[in-house]
């Protein structure tokens, strides 16, 4: 059973991920809606006026001058509030990201509450300006006929009330979002969604063995591997009559001129035109200047580790945050241990495997979650106890999955560090090692008393 993404990895998927990770699409849609309403509703007002009388009740009842003043006040105040609010928000998030992790700033951009609030404010501003151009006073017309779009002005007033409510809700949401517990939860949910998109598909596709010379495929540009267009990559390999096995995972750094993978002939001998294949694969291999959560399982764990390490730094010195972050790391590693981490084998139209993408590696993820926090946990008994608990919990869920000795080695280091740098007694430190051994053996004794 091969592990392939449920969603497409083609250009459409890349465009969706680009729009999902940007702040401007939803507010831009709000601008378009505002312009459309600003043109349509005054036309309805004109049709009602031409039909004789205004059958609408509970609408704006002032004159043209009052209507222009109201719309101008709405437009001027909203653009000022929008700029001030988001300037202060960015400053607050920058301070928060410097305390926890700079990579958490991206969550602000993808936050739907942030996008919808900005869209509401911008929509109301643009709508008020668009309607303002249709209001005519008697002195501004040759026939001394004024035009007051009463329905349109009333809608502007209602949109303003909605903007005020959205602003109040946004400030409450921001205060909640800046809490480290919320950030950890969002990162954990992000990783879970990535895992869910990588459920295995039916149909085994064995990797073809190399029967000819194995050649090196060099990277043509630098960046982080953020995705591969599966169909285009398999088609490029098919045209070259080759099998491509990537040696870098999604999220790994790629340096121009260094090996990106290996290539060999499928069902034939002889060399492959590696230069031509590399040129064709250039459009299928997507490199970015930063990692993204889409398809990159270790990236979310990297964020959690960054929060843990930053909390243990002398400038922050917040062991409670480190303990909370390690709890999320334990839960995420346990979930990863229960998933199948198989290489993704991409077949061509005839079903022959043409491209092999390596999957995430559980031992490497354990190292990522434990190694750096352990280095900075000296003198922190609560953090060392949580690290020992993480290793025990992971030993229970990952036994027999190739990390047994790694977990034993880490818990021995944790125990030695605790005895050397804290007041943790030797008996307690030995009990941590025993608990990991018992978990790896499939037993979890009841605590005494």
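The values are calculated or read from the model by the stated rules, or taken from the named source; none is laboratory data. Please read these numbers as outputs of a predicted model, since none were measured by experiment. Note that each Cβ is placed from the backbone with ideal geometry, even for glycine, and that neighbours are counted across all protein chains shown.
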Would the range 85-107 turn up any residue that is crowded, with 18+ Cβ neighbours inside 10 Å, outside any helix (DSSP H, G or I) and modelled with pLDDT of 80 or more?
yes
Taking residue 194 and the conditions (1) farther than 30 Å from residue 77 by Cα; (2) modelled with pLDDT under 90; (3) over 16 Å from the mean Cα position of the chain (by Cα); (4) part of a helix (DSSP H, G or I), which numbered condition does it fall short on, given that it satisfies the others?
(3)
Let me confirm something: among 59, 131, which residue is in contact with a helix residue (DSSP H, G or I) (Cβ under 6 Å, 6 or more places away or on another chain) and outside any helix (DSSP H, G or I)?
59
Do you know which of the residues in the range 382-415 that are closer than 14 Å to residue 431 by Cβ and over 31 Å from the mean Cα position of the chain (by Cα) is surrounded by the most Cβ atoms within 10 Å (Cβ to Cβ)?
414
Modelled with pLDDT under 90 and farther than 23 Å from residue 351 by Cβ: is that true of residue 276 in this structure?
no
With the first residue restricted to the range 425-448 and required to be free of Cβ contacts under 8 Å to residues at least 24 places away in the same chain, and the second required to be outside any loop (DSSP other than H, G, I, E, B) and surrounded by fewer than 13 Cβ atoms within 10 Å (Cβ to Cβ), Cβ contacts under 9 Å at 6 or more apart or on different chains are 429/416
Answer from 316, 263 - the residue that is more than 20 Å from the chain's Cα centre (by Cα) and modelled with pLDDT of 90 or more
263
So how many residues does the range 438-449 have that are surrounded by 14 or more Cβ atoms within 10 Å (Cβ to Cβ) and out of contact with any helix residue (DSSP H, G or I) (no Cβ under 7 Å at 6 or more places or on another chain)?
1
All conditions in (1) more than 30 Å from residue 266 (Cβ to Cβ); (2) in contact (Cβ under 8 Å) with a residue 24 or more places away in the chain are true of residue 364 except (1)
Of everything in the range 245-280, what is part of a helix (DSSP H, G or I) and in contact with a strand residue (DSSP E or B) (Cβ under 7 Å, 6 or more places away or on another chain)? Give them in sequence order.
274, 277, 278
Residues to consider are 251, 270, 257, 241; find the one that is surrounded by fewer than 22 Cβ atoms within 10 Å (Cβ to Cβ), in contact with a helix residue (DSSP H, G or I) (Cβ under 6 Å, 6 or more places away or on another chain) and either at pLDDT 90 or above or farther than 12 Å from residue 214 by Cβ (or both).
251
Any residue that is in a loop (DSSP other than H, G, I, E, B) and modelled with pLDDT under 90 - is there at least one of those in the range 364-384?
no
Quick check, is residue 419 assigned to a helix (DSSP H, G or I), touching a helix residue (DSSP H, G or I) at 6+ places or on another chain (Cβ under 6 Å), modelled with pLDDT of 95 or more and closer than 22 Å to residue 333 by Cα?
no
